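Structure, as structure tokens:
The values are calculated or read from the model by the stated rules, or taken from the named source; none is laboratory data. Note that the structure is predicted; figures quoted are calculated from it, not measured. Cβ placement follows ideal geometry from the backbone for every residue including glycine, while neighbour counts extend to all protein chains displayed. Note: accessible area is taken over every heavy atom of the protein model, side chains too, but ligands, DNA and RNA are not part of it. Shrake-Rupley method; radii C 1.70, N 1.55, O 1.52, S 1.80 Å.
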Amino acid sequence: AAEPWPENAALYQQLKEEQILLSDNASSLAVQAFLQMCNLPIRVICRANAEYMSPSGKVPFIHVGNQVVSELGPIVQFVKAKGHSLSDGLDEVQKAEMKAYMELVNNMLLTAELYLQWCDDVTVEEITHPRYGSPYPWPLNRILSYQKQWEVKRKMKAIGWAGKTLEQVLEDVDQCCHALSQRLGTQPYFFNKQPTELDALVFGHLFTILTTQLITDELSEKVKNYSNLTAFCRRIEQQYFEGHEKESSTIAARSAKKSLLR
Amino acid sequence: MAAPMELSCWGGDWGLPSLHPESLTVMAYAKFAGAPLTVNTINNSWRVPKGDLPVLVSEDTVISQPAKILNFLRKQKYNADYELSAKQGADTLAYIALLEEKLLPAMLHTFWIEAENYCSVTKPWFASRIAFPLSLYLPGKMSREALNRILLTKGGPPLYSLIEVEAQIYRDAKECLNLLSKRLGTSQFFFGDTPTTLDAFVFGFLAPIYKVCFPRVQLQEHLKQLPNLCRFCDDILTCYFRLNVSGHSPAGQDTADANLQKLTQLVNKESNLIEKMDDNLRRSPQHPPRKLTTLKLAAGGEESSPMSRLSP
């Protein structure tokens, strides 16, 4: 029984100005873009403990009616069950391709973002530790931060990324962007006329990389090398985010973090 | 470029050149690209396998992960992706990511974590190929690493117990197999008629699932319901690994395959014998030269023609 989408649907993420990190911001933006593309209204609510409220421990999560769903994959399925889908027009082979590319983004881009913000010592000291624990008093902020870092490092070790140097990680990001750029070509969206969840995911990650200030600009430079990707981000930003004044959060984000999309 | 290249990897069984998916991927790629590779399989020697197999040794360079090995081969001008368009190259990367995220956990589970499989098949097999006393330790370590990897990447909440994680990863793997099957369709390889890197990776992951006989085989059964993927594996095995495929394999294997191979070998032997006989007959001065052209055509091992030639 599909209930209609309620008016008070809410998306929870961490505090935008002080706390949220690169990878979480990317995931959150991807979900927001997806919901905008489906024309489903959603409010963005920032809470310091969003990560702990989430059923899977990952942000963002949405609270719709009396259900709570987190992460893009389950949210896409949830929205589909409600009768809205962006990928219905694709045939089987295209759906397979779309899933493969989404895995590529998760496998390479997301892991690279996590590596950069938790395993690169300079970034960790100067950006991640201060930001991650900022809503909490000392010593809790340091403890939570170290705990999360230890968790992420374990995961990196298990999948074999622990031995990689920063240059290799940037190489991988470049390869991934190259693949995405090739696939996009000159089309407006990845599957020509209509945006799909893949477009939302790619937009979330690339836009965040382009507009977040890190220690160095190497990561955003890798993306800027591909002009069709930056044009893609700008197009989606203009189409889905600029028209909504109530989405003041995204606009504030764009002005607070120096927008490098010039 | 002509430097001899040596690949150390795990050996094979059940008709496969190797049981280890990464080793299999590298071997398949080398065959596709025509790279001359001497393959050293790890057997019961004192040479300690350095953890990360496969390892390629060429002159002084030692390279260990499949992606890096493939890059190295490409730099040495053994490139199987030469004719791919840029978009197909991008697709390759995407599908490899799909395989690693969705299929690899279930495969690791089937090999290393499923208790019956591990104790009756995987552990004895690997232990028999590692020297004592390392054979007591290394399989256990590989199993623990596999479990770690699965739990860390897939095991977060809301899946709290290993059983739920197992259910999820097998669902993902079956979906992945379905997607691969749809993508392959009816063509022989993933990008047309020549095999490429993607074919090497898919073969490396699918062949062990397809061929190794386990007590608990839900993934294999699912794979067998996708005939185009099975045909894909068999094609590569017969075309590219013909010399390494042994006709003898442990009991309980796909008997149709084994019988077919034995039959083909018998037929080949017979046609060789018949050729020799015919040759002798032709050379002896009393008999006029016999149908030379049909002899050459039938030398491919066709079953019917030698028989038909014998009957007058």
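Brief remarks follow.
- As an equivalent ellipsoid, the stretch B:5-241 spans semi-axes of 26, 24, 16 angstrom, where each value is the square root of five times an eigenvalue of the C-alpha gyration tensor, largest first.
- Expressed to the nearest 5 percent, the antiparallel share of DSSP beta bridges inside the stretch B:5-241 is 60 percent.
- Largest-first ordering by accessible area, 1.4 Å probe, given options A:Asp121, B:Asp13: A:Asp121, B:Asp13
- Ordered from largest to smallest accessible area (heavy atoms of protein chains, 1.4 Å probe), the residues B:Val26, B:Val57 come out as B:Val57, B:Val26.
- Chain A packed on chain B takes about 2200 Å² of accessible surface away from a 1.4 Å probe, both sides summed.
- Surface composition of the stretch B:184-247: carbon plus sulfur atoms hold 52% of the accessible area, using a 1.4 angstrom probe and ignoring ligands, DNA and RNA.
- Computed with a 1.4 Å probe over protein heavy atoms only, the accessible surface of the stretch B:89-140 comes to 34 Å² per residue.
- Accessible area per residue (1.4 Å probe, heavy atoms of protein chains only) ranks B:Thr61, B:Thr186 as B:Thr186, B:Thr61, with the largest value leading.
- Residues in the stretch A:78-110 that, when all protein chains are in place, have 40 Å² or more less accessible area than the chain alone would give (probe 1.4 Å): A:Glu92, A:Val93, A:Ala96, A:Glu97, A:Lys99, A:Ala100, A:Tyr101, A:Glu103, A:Leu104, A:Asn107
- Ignoring the sites themselves, chain A has its longest run without GluC sites (Glu not before Pro) in a DSSP loop having at most 10 other Cβ atoms within 10 Å at A:8-244.
- Taking the stretch B:5-241 and dividing mean pair separation by its residue count, relative contact order in percent (alpha carbons under 8 Å, at least six apart): 27 percent
- Loop trypsin sites (Lys or Arg not before Pro), the stretch A:144-246, which have at most 10 other Cβ atoms in a 10 Å radius of their Cβ (DSSP): A:Lys193, A:Lys246
- Considering only alpha-carbon pairs that sit under 8 angstrom and 6 or more positions apart, the relative contact order computed for chain A is 24 percent.
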